[in-house]
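Here's the structure we're looking at; comments come further down.
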Amino acid sequence: MIDFIAYIFGCNKIIFMPSKVIARENWSKIGFLMATIGSAVGLGNIWRFPYIVGSHGGGAFLIPYTISIIIFGIPLMMLELDAGRKFKGSVVTTLKQINRRFWLLGILAPIVSLSILSYYLVISGWTLGYFIFSVTGYMEFSQFTNSLLPLLYFAITLAITAFIVSKGIKKGIEKASMILMPILFVVLIGLAAYALQMPGASDGLAFYLTPDFSYLFDPNIWLMSISQAFFSLSVGYGILITYGSHLSKETRIGRSVLGVAGADALIAFIGGLIIFPIVFSFGINPSAGTELSFIALPTVFGSMPFGMLIGLLFFFLLFIAALTSSISMLELGAANFIDELKWSRKKSVAFLSSIIFVVGIPSALSFYGGGISFMGKPFIDFMDIFFGTLLMLSAALLCIAVIWFYRPKVFDVKNKLLEKIKASSIMIFLLKYIIPIALFILFVVELLSGGGGH
Ligand code: PFF
């Protein structure tokens, strides 16, 4: 604890002591892919993406989204992974090695992510609660959030996340991802197959996918697609630096990134193939997130054939998706304590989890009794808006710090085709100018508009 306080206030360790490089666990190839896809695939894919597509131009939205993934997501993913692999350390360790003065930024990134985790876990807890309700009978959402149950499920979800992260890279995160991700995929496909044979499937698909190209002239669509791409790929948080630090030399970063981005986009797309056929078959409002998942769909599951099983699978899917994302955020934080303060993994995870629990309490109780609000918003919404906005700034600074002060090897591709189309130099140009500028614009827009949050 004392070294932690000295670290924060004295900073002498940061400025004068070079980090020791300690032996690190390395991912297996497939384990790395599963863990990284697990981080990317989360609530953002299944409850946010389909709604954004459906209400912002249908199939036409896929154009800015795909462009955002290629132009903004993929280069930054490659950069983060490469820097992590090169410096073999957490975000703080990596940034300090790039330039000693970057330690503050190194601390900002995990603070933002861990704050996001504190309420992301609350929502993950809701999905766990509804998973259980699918067997015991659904509780009305307002009644649920007005009870202490959200706090209980938040604590359970945090404990599961902490348990997995405390087991380490190979025996914890890799093992859990290798089990959970294939299950997620099978459940996803099963639910989509079921949904697509429902009577309203074609209307649902028409709403989801009919392109309305007039939307492409709305700059908001472009901003929204960029921010969704960052959020969905978990890029800009520093997670990929942390995950990259356990990558072996042999892993081809370019290929892995294409695999992760492709899987993430595909899973988000299939999410829509589940949601909209159900929504249209039962004539409910195709709304987003909370309202859809916890209010409209439970009613539908109560009255459809095999509704109990479908509800059970749906909430299980949401829970697994949220859990593997939460794991990555906690690992991002814990790695700094392990690498910088040389704390044991268990101690780091226990310490961080206790803080996250305390910080998450007001979010979990945002609607309990008279509710807990801050600056006129339910606390959980305030957290989402505040840290969702701050994230854009921290991501921009992270990108600038790494690309301007460290020449990443990953872009020195000896590949004739890539050389010909100058892919590497285009990517470096994007990273140096376009991506930070886009992130700054998103930061300012969210700041001025009061933040859309996530
Ligand atoms: N990518 C996750 C989602 O789509 O829900 C969210 C996320 C997870 C963002 C982990 C950032 C992160 F570090």
Count of segment 24-43 residues which are in a helix (DSSP H, G or I) and either of a type in the set (A, V, I, L, M, F, W, C) or in contact with a Leu (Cβ under 9 Å, 6 or more places away or on another chain) (or both) | 11
Tabulated pairs, segment 214-239, first over 20 Å from ASN45 (Cβ atoms), second among the acidic types (Asp, Glu) and within 14 Å of the ligand (Cβ to nearest atom), C-beta under 9 angstrom, 6+ apart or interchain = GLY238/GLU80
Assigned to a helix (DSSP H, G or I), within 21 Å of ALA229 (Cα to Cα), at pLDDT 95 or above and hydrophobic (A, V, I, L, M, F, W, C) - does that describe any residue in segment 350-357?
-> no
Criterion: surrounded by fewer than 24 Cβ atoms within 10 Å (Cβ to Cβ) and at positive phi - qualifying residue of GLY54, GLY58 | GLY58
With respect to ALA261, determine if the residue is near the ligand (Cβ under 9 Å from one of its atoms), at pLDDT 95 or above and surrounded by fewer than 24 Cβ atoms within 10 Å (Cβ to Cβ).
-> no
Hey, ILE69 within 14 Å of the ligand (Cβ to nearest atom) and among the β-branched types (Val, Ile, Thr) or not = yes
Determine which member of the set PHE294, PHE316, PHE306 is surrounded by 23 or more Cβ atoms within 10 Å (Cβ to Cβ) and of a type outside the set (Asp, Glu).
-> PHE294
Looking at this structure, is LEU216 aliphatic (A, V, I, L, M), more than 16 Å from the ligand (Cβ to nearest atom), in a helix (DSSP H, G or I) and farther than 18 Å from GLY73 by Cβ?
-> yes
Restricting the first residue to segment 37-53 and requiring it to be closer than 26 Å to PRO211 by Cβ, which pairs with a second residue that is more than 6 Å from the ligand (Cβ to nearest atom) and outside any helix (DSSP H, G or I) meet a Cβ separation below 8 Å and a spacing of at least six or different chains?
-> GLY44/HIS454; TRP47/ALA288; ARG48/ALA288; ARG48/HIS454; TYR51/PRO286; TYR51/SER287; TYR51/ALA288; ILE52/ALA288
Residue identified as touching a Cys at 6+ places or on another chain (Cβ under 9 Å) and of a type outside the set (Lys, Arg) among GLY236, GLY172 = GLY236
Name the pairs: first residue in segment 319-330 and farther than 11 Å from THR157 by Cα, second residue modelled with pLDDT under 95 and near the ligand (Cβ under 10 Å from one of its atoms), Cβ to Cβ under 6 Å, at least 6 apart or on different chains?
-> ALA321/ILE46
Give the residues of segment 112-167 that are assigned to a loop (DSSP other than H, G, I, E, B) and among the aliphatic types (A, V, I, L, M), sorted by residue number.
-> MET139, LEU148
In segment 233-342, which helices (runs of 4 or more DSSP H) lie fully inside it and hold 2 or more residues that are under 30 Å from LEU393 (Cα atoms) and over 21 Å from the mean Cα position of the chain (by Cα)?
-> 307-340
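The values are calculated or read from the model by the stated rules, or taken from the named source; none is laboratory data. Bear in mind that the values here come from a model prediction, so they are computed numbers and not experimental data. Glycine gets a Cβ as well: all are built from the backbone with ideal geometry, and neighbour counts include every protein chain shown.
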